[in-house]
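Down below is the structure, laid out as structure tokens.
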Amino acid sequence: MRNSLYCNDMQMRAERPRRFAFAFFGLRFTLSLRAGCCIDPLRPPRFRVSHLDFWLASRYDGLYAISGRLEIPAPEAGASSRRVGSEWDVRLDYATPLPWLTLEGGGGLFFPGKFLKSNAAGNSKRKLAYLAITFRL
């Protein structure tokens with residue numbers, strides 16, 4: 001069994017959208033910190049747990065959709081907080097005996113931060129689940 005811990009230092013993301021299927025927003029102009037662990041047994045499946053924290057790059061910027069469209073602008077005087085929220089993700093990857101087929105399932109729980117609570121309607125925590133099948137040609 002190969003287990004690992006990982007932690008990305010805080011980083012600025014300018015244009016790259018989130019890769020997760022259950023993303024609410026893009027990582028456009030946000031600062032994020034990601035930490036987690038991976039349990040990688042010698043045989044499938046692989047289990048991952050991660051925690052992400054999101055902040056706006058500036059109190060005067062807003063929150064962008066994955067498409068790049070501004071969804072939640074900051075007030076003209078600037079937001080009272082840059083903290084968008086935090087998210088817990090759980091993922092299970094299974095490499096099938098067929099080398100061209102992979103199965104993945106997971107879920108997430110997003111907790112809104114002060115920016116969303118102050119500037120957006122429907123700012124309660126969100127639960128999400130997904131299942132993905134990947135074919136390699």
Handout entry: Residue that is modelled with the lowest pLDDT [pool: residues in the stretch 91-126 that are closer than 30 Å to Pro73 by Cα and in a strand (DSSP E or B)]
Key = Arg126
Completion exercise
Only one of Ala77, Ala21 is at pLDDT 85 or above and part of a loop (DSSP other than H, G, I, E, B), namely Ala77
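Results for (1) more than 12 Å from Asn119 (Cβ to Cβ); (2) surrounded by 14 or more Cβ atoms within 10 Å (Cβ to Cβ); (3) without any contact (Cβ under 8 Å) to a residue 40 or more places away in the chain; (4) of a type in the set (Ser, Thr, Tyr), shown as yes or no for each residue.
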| position | (1), (2), (3), (4) |
| --- | --- |
| Cys37 | yes, yes, yes, no |
| Arg43 | yes, no, yes, no |
| Leu63 | no, yes, no, no |
| Trp88 | yes, yes, yes, no |
Practice task
Considering each of Ser32, Ser67, Ser86 in turn, give the residue that is hydroxyl-bearing (Ser, Thr, Tyr), at pLDDT below 85 and touching a Leu at 6+ places or on another chain (Cβ under 9 Å).
Solution key: Ser32
Practice task
Working only within the stretch 85-122, note down all residues that are among the hydroxyl-bearing types (Ser, Thr, Tyr), more than 17 Å from Cys37 (Cα to Cα) and touching a strand residue (DSSP E or B) at 6+ places or on another chain (Cβ under 9 Å).
Solution key: Thr96, Thr102
Handout entry: Residues located in the stretch 112-137, provided they are surrounded by 15 or more Cβ atoms within 10 Å (Cβ to Cβ) and among the aromatic types (Phe, Trp, Tyr)
Key = Phe115
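The values are calculated or read from the model by the stated rules, or taken from the named source; none is laboratory data. All figures in this text were calculated on a predicted structure; none of them were measured in a lab. Here the Cβ is made from the backbone with ideal geometry for all residues, glycine too, and neighbour counts use every protein chain on show.
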